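*Asks:* I'd like to ask you about the structure that follows.
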Amino acid sequence: MKANRLKKVRLVLLDVDGVLTSGDIIYTDSGEQIKIFDVKDGLGIRLLKEAGIKVGIITGRRGKALQHRCDNLGIELIFDGIRNKDEALDDIQAETGIPIEAMAFVGDDLPDLPAMKKVGLAVAVGDAVSLVREQAHMVTHAGGGKGAVREVSEAILKAQGLWDGLIERLF
């Protein structure tokens, strides 16, 4: 069943804190936030995009670090400061033309559950809270900010038969 869901994904939506990062937030003395992102996750995102699979962000927080990371990876579909993540799915569908059933959402905590329940592929990172892991179609081995997004990217690309050709072409 999971393989069928992976094959249908045309858009991967990511939470940020706890998914693209470990969930730790560092504040400088001046109050600026520092976030740490995993380079393997970044390559996974680039591989998805190279294969024609869109990538977007839905997160409850806003910040310059996220904007810089998205600029670096070429992610243009950014919904930040979102309180109800599931409501953003309709806007994303209207903007992209991609049906919600062809979307994946990667989350780690309770605010992610409503969006995860609506999409075609709900993914929990390995260190997500137990209720999120229980509700997911797929749980990664890696934790948030530690390669979980890369793991999801590879699973989608392999299920869709795109992995080998992409790796051969690019590397």
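*Asks:* Separation of region 12-76 and region 82-129 by C-alpha centroid, Å?
*Replies:* Here the answer is 16 Å between Cα centres.
*Asks:* Could you work out what % of the accessible surface of the chain is carbon and sulfur, using a 1.4 angstrom probe and leaving DNA, RNA and ligands out of the count?
*Replies:* 47 percent
*Asks:* Okay, moving on. Using +1 at the C-beta of Lys and Arg and -1 at the C-beta of Asp and Glu, which of VAL106, ALA155, GLN33 has the Cα lying farthest in the positive direction of the dipole of the chain?
*Replies:* The Cα lying farthest towards the positive end belongs to ALA155.
*Asks:* Based on the alpha carbons, how large is the Rg to Rh ratio for region 92-171 when Rh follows Kirkwood?
*Replies:* Checking Rg against Rh, the ratio lands at 1.02.
*Asks:* Summing -39500 (n - 2.57) over the DSSP H runs of n ≥ 4 in the chain and dividing by its residue number, what mean residue ellipticity at 222 nm do you reach, to the nearest 500 deg cm²/dmol?
*Replies:* -12000 deg cm²/dmol
*Asks:* Top mean-square fluctuation among GLY60, GLY31, GLY145, Gaussian network model of the chain, C-alpha springs under 10 Å?
*Replies:* GLY31
*Asks:* How large is ³J(HN,Hα), in whole Hz, for each residue of region 15-20 in order, when computed from phi with the Karplus curve 6.51 cos²θ - 1.76 cosθ + 1.60 and θ = phi - 60°, using x for Gly and Pro?
*Replies:* 6, 10, 5, x, 10, 7
*Asks:* Rg and Dmax of region 1-153 over Cα atoms: what are they, in angstrom?
*Replies:* Gyration radius and largest Cα-Cα distance of region 1-153: 14.2, 49 Å.
*Asks:* A further question follows. Would you check region 1-96 for Lys pairs whose C-alpha atoms are within less than 26 Å, ignoring same-chain pairs closer than 8 in sequence, and give me the count?
*Replies:* Qualifying lysine pairs in region 1-96: 25.
*Asks:* Set the Förster radius R0 to 30 Å, insert the Cβ-Cβ distance between ASP90 and ASN4 as r into 1/(1 + (r/R0)^6), and round the FRET efficiency to 0.05. Write down the numbers at each step before the final one.
*Replies:* Values: r = 24 Å, r/R0 = 0.79.
Given R0 = 30 Å and the Cβ-Cβ separation, E is 0.80.
The values are calculated or read from the model by the stated rules, or taken from the named source; none is laboratory data. Keep in mind the model is a prediction, meaning the values are calculated, not measured. Heads up, the Cβs are rebuilt from the backbone with ideal geometry, glycines too, and the neighbour counts pull from every protein chain shown. The area values use the complete protein model at the heavy-atom level, side chains included, leaving out ligands, DNA and RNA. Shrake-Rupley method; radii C 1.70, N 1.55, O 1.52, S 1.80 Å.
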